[in-house]
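Structure record follows, encoded as structure tokens.
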Amino acid sequence: MNWKELIVSEIDSTEDALIKLDLDKGTVRYSSRIRQNLPIHRITEDAELVRAYMVHQFMSNMGYSPESLELDRPYKVGQGGETVTVGVVVNDEDGNPFFFATAMAPDEFERGKGAESRLFLAAEKEFELTGKVVRHLFYFTVKVENGRLSKDSMIIDYSHFHRLSDWDRLEKRVSGLTKIKWGRLREVSRRSRKIAHLRYRNHRFSLFIDKS
């Protein structure tokens with residue numbers, strides 16, 4: 001099976017699944033328990049399938065309730081009032097934004113697509129409007145390894161990196177760190193849930209670790 005079929009198979013195998021996908025009809029439906037700011041019925045691009053899987057992972061793997069999730073939250077940013085939409089907002093128990101998340105198709109998960117800057121702009125606007133600081137900016141996609149579906153993701157600790165330029169400078173210096181420390185990170189993840197916090201010199205950043 002390809003990655004699309006693997007996503008559908010995994011979601012369909014979940015008891016009481018809150019997401020319904022139909023590749024033949026090109027449709028996607030979310031439970032009304034998940035807040036939706038826009039009507040979502042059609043799979044218009046590959047990223048929509050990846051988003052459905054990301055939402056599924058937030059609920060099934062990370063334990064968030066569907067009521068804590070919100071899709072397509074819009075923000076007006078900049079002097080021109082451009083609309084930036086956050087694909088998935090995950091709120092904590094107090095209703096504060098813990099994740100601003102975006103899903104990308106596997107062939108789009110690379111720098112230069114603008115996804116990082118859009119989430120930074122949205123997080124800045126959230127603080128301006130509500131005074132709430134988004135904890136993490138989350139970028140997510142999928143890939144197939146040895147016939148199995150796996151996840152690829154990056155998390156930026158927005159509570160520490162408020163500007164994209166700060167993160168860009170750090171990322172260039174530590175681009176190989178995650179591979180070097182991967183075994184150790186998995187051990188940290190087993191002991192302390194699914195967010196691993198790392199320090200590099202005087203900087204701190206966070207990673208999502210796939211425990212599957």
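The values are calculated or read from the model by the stated rules, or taken from the named source; none is laboratory data. Quantities reported herein were computed from a predicted structural model and do not represent experimental measurements. All Cβ positions, glycine included, derive from the backbone under ideal geometry; neighbour counts span all protein chains shown.
Table: residues versus (1) surrounded by fewer than 13 Cβ atoms within 10 Å (Cβ to Cβ); (2) in a strand (DSSP E or B); (3) on the phi < 0 side of the Ramachandran plot; (4) modelled with pLDDT under 90.
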{"site": "32", "(1), (2), (3), (4)": "yes, no, yes, no"}
{"site": "85", "(1), (2), (3), (4)": "no, yes, yes, no"}
{"site": "88", "(1), (2), (3), (4)": "no, yes, yes, no"}
{"site": "107", "(1), (2), (3), (4)": "yes, no, yes, yes"}
{"site": "110", "(1), (2), (3), (4)": "yes, no, yes, yes"}
For this session: Would you check if there is a residue in segment 115-124 being among the polar types (S, T, N, Q), crowded, with 17+ Cβ neighbours inside 10 Å and within 26 Å of residue 43 (Cα to Cα)?
Result: no
Problem set entry | Pick from segment 1-21, criterion in contact (Cβ under 8 Å) with a residue 60 or more places away in the chain and in a helix (DSSP H, G or I), ranking: nearest to residue 41 (Cα to Cα) | 7
Exercise. Would you say residue 120 is free of Cβ contacts under 8 Å to residues at least 60 places away in the same chain and within 14 Å of residue 140 (Cα to Cα)?
Worked result: no
For this session: With the checklist (1) within 19 Å of residue 101 (Cβ to Cβ); (2) at pLDDT 95 or above; (3) charged (D, E, K, R) in hand, flag the one item residue 45 doesn't pass.
Result: (2)
For this session: Any chance you could count how many residues in segment 34-49 are outside any loop (DSSP other than H, G, I, E, B) and surrounded by 16 or more Cβ atoms within 10 Å (Cβ to Cβ)?
Result: 5
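Residue-wise test of (1) surrounded by 13 or more Cβ atoms within 10 Å (Cβ to Cβ); (2) under 17 Å from residue 140 (Cβ atoms); (3) not charged (D, E, K, R).
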{"position": "57", "(1), (2), (3)": "yes, yes, yes"}
{"position": "60", "(1), (2), (3)": "yes, yes, yes"}
{"position": "70", "(1), (2), (3)": "yes, yes, no"}
{"position": "79", "(1), (2), (3)": "no, no, yes"}
{"position": "93", "(1), (2), (3)": "no, no, no"}
Problem set entry | Selected residue (only one of 64, 53 is modelled with pLDDT under 95, touching a helix residue (DSSP H, G or I) at 6+ places or on another chain (Cβ under 6 Å), surrounded by 15 or more Cβ atoms within 10 Å (Cβ to Cβ) and not in a strand (DSSP E or B)) | 64
For this session: Run down 59, 54 and say which single residue is among the aliphatic types (A, V, I, L, M) and in contact (Cβ under 8 Å) with a residue 60 or more places away in the chain.
Result: 54
Exercise. Can you spot a residue in segment 15-26 that is buried (at least 20 other Cβ atoms within 10 Å of the Cβ) and of a type in the set (Gly, Ala, Ser)?
Worked result: no
